[in-house]
Amino acid sequence: MKRKLFSLLSLLAGFLGFSQTTVYFKYDEAGNQRYRGTDINGKQVQEAAVSKASLAQTSKIEATSTMLKTSEIIIDEETFWKQIRLYPVPVNDILTIDWTEEVDGLIESVSLYQHSTTHWKFQQQNIPDINKQLKINMSGYDWGVYILRFTLKDGRVFSKNITKR
């Protein structure tokens with residue numbers, strides 16, 4: 001009888017109060033948990049501190065990117081690859097690479113090497129004579145995966161795998 005009464009009392013206490021507590025979580029931009037608790041004001045204080053820190057960091061980044069943008073256009077990798085056209089893929093004989101005027105001023109060199117080795121099969125500097133198009137004769141190359149690498153003038157490197165059959 002005592003066991004049943006204790007069980008019912010425990011169940012009743014769980015339903016009425018302790019199981020319905022709201023717990024707030026707050027994470028920073030790296031995914032680390034910064035706040036966990038029941039006080040919503042504690043959460044707001046944490047948010048204000050994080051927003052001030054992120055605002056300061058954003059202003060530093062904007063100042064740096066403004067200095068870089070004055071010399072040349074900044075472009076991310078996804079936008080860069082949208083401006084590049086590679087065909088035919090997979091390659092049989094000749095790989096043709098075309099790019100737009102937007103990325104022409106950013107490209108310093110185009111390189112091609114076999115995935116399993118570090119030997120360069122092809123390397124070309126971006127000079128005005130190539131007219132935003134490059135043709136690589138791959139008929140003498142072995143079958144396999146090759147890495148096409150674009151080196152930009154700001155030092156970034158964008159790579160893409162190309163299959164030769």
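The values are calculated or read from the model by the stated rules, or taken from the named source; none is laboratory data. Because the structure is a prediction, the values reported are computed rather than measured. We place every Cβ from the backbone using ideal geometry, glycine too, and count neighbours over all the protein chains shown. The protein model used for the area step is the full one, side chains on, heavy atoms only, and it has no ligands, DNA or RNA in it. Shrake-Rupley method; radii C 1.70, N 1.55, O 1.52, S 1.80 Å.
Annotations
- Conditions (1) open to solvent by less than 40 Å² (accessible area, probe 1.4 Å); (2) in contact with a Phe, Trp or Tyr (Cβ under 7 Å, 6 or more places away or on another chain); (3) on the phi > 0 side of the Ramachandran plot: number failed by residue 132: (1)
- Flag if residue 142 is open to solvent by less than 90 Å² (accessible area, probe 1.4 Å) and among the acidic types (Asp, Glu): no
- When the stretch 79-129 is filtered for residues that are in a helix (DSSP H, G or I) and open to solvent by 70 Å² or more (accessible area, probe 1.4 Å), the ones remaining, listed by number, are 82, 101, 102, 128, 129.
- In the stretch 147-161, residue most open to solvent (accessible area, probe 1.4 Å) [restricted to those that are part of a strand (DSSP E or B), touching a residue at least 40 places away in the same chain (Cβ under 8 Å) and out of contact with any helix residue (DSSP H, G or I) (no Cβ under 9 Å at 6 or more places or on another chain)]: 161
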